[in-house]
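All remarks here apply to the structure that follows.
Nothing in this text is a laboratory measurement; each read-out follows from the coordinates by a stated rule. Since the model is a prediction, treat every value here as computed from it, not as a measurement. With ideal geometry, Cβ positions are generated from the backbone for all residues, glycine too; neighbour counts draw on all protein chains shown.
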Amino acid sequence: MMTRLLKLSISIIFFTFQKIRIAASRLVGKRPLPSLVIVTYHPVRAGDAGRFEKQMDALLEAGAPVSLNHNLDTLKEGINIAVTFDDAYQSVLLNAVPVLRRKNIPATIFVPTGYMGKRPAWITKPDHPYAAETVMTEQQLKTLPDHLITIGSHSVSHINLNKADMMTARKEIHDSRSHLETILNKKVNLFAAPFATLNESFLPLFVEAQYERVFLNIPTFPATKTDLYFLGRTSIEPTDWPMEYRLKMKGAYQWLPLAIGLKKKILA
């Protein structure tokens, strides 16, 4: 709880500073660059569907929803927000996709191909909040609305690539894409790395596999860097406090990689 409150407090200060900086830039005739905030969900349970819908309403107020299939180098001025879901849980199909349809909000779902139709075996603690979830089946993936939902790869077995050798990493990166392309009969160009960060030494493997972008579970700083090959995301839950998710959608948590970098230097 204390960590959560601390993050919220820092984000309020950061957001206030950003607003002042943007206002000052406008006063001297400078137009602010477009920013891109990518939010990451995991499950959306039936009991959280109402909260999720309120968050999507807040998203529409905070900025412009965009698809990750969009040319991210040519975004509109202001805040552009992309919604993503890691692990392709069936609860997302049942409880989140209907909301996205009603509000015409695009999203990307990243699939761990080795677990389709199965429980997430990478979660080993029975009391983990996602332990009872089930990954979508191949048939369920095919039912997703093409005009709204983009499918991306989340590796084959949801491993931490940072701990894998190059041969294993290559197989996870290539095989997950080819499996999805066979199922969906279309190109799969996006990859989300399981776990928060990814060693950039793996970049050639993604280029070799012809992915256009790779996404991490840590925000990009600054959010105006929209042309990076490795782009960051902000984790969000339907149970986030209203102020938390509004600040996350406005990019106020993009200070996190700076704090992580500082922590690493101190520990070193």
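Annotations for the structure displayed:
- Cα-based reach from Lys118 at 22 Å (exclusive), listing lysines while leaving out same-chain residues under 8 positions away: Lys142, Lys171
- In the chain, the DSSP beta bridges split such that about 5 percent are antiparallel, to the nearest 5.
- Straight-line cross-link partners of Lys265 among the lysines, defined as a Cα under 26 Å from its Cα and at least 8 positions apart when in the same chain: Lys7, Lys163, Lys225, Lys248.
- Normalised by the number of residues in segment 1-113, the mean separation of alpha-carbon contacts (under 8 Å, six or more apart) gives a relative contact order of 30 percent.
- Residues of the chain were split at every exposed loop site, defined as trypsin sites (Lys or Arg not before Pro) in a DSSP loop with at most 15 other C-beta atoms within 10 angstrom, and the longest piece left, sites excluded, is 119-185.
- Note, ³J(HN,Hα) from phi for segment 197-209, Karplus 6.51, -1.76, 1.60, rounded to Hz, x at Gly and Pro: 10, 8, 5, 5, 5, 7, 3, x, 5, 6, 5, 4, 7
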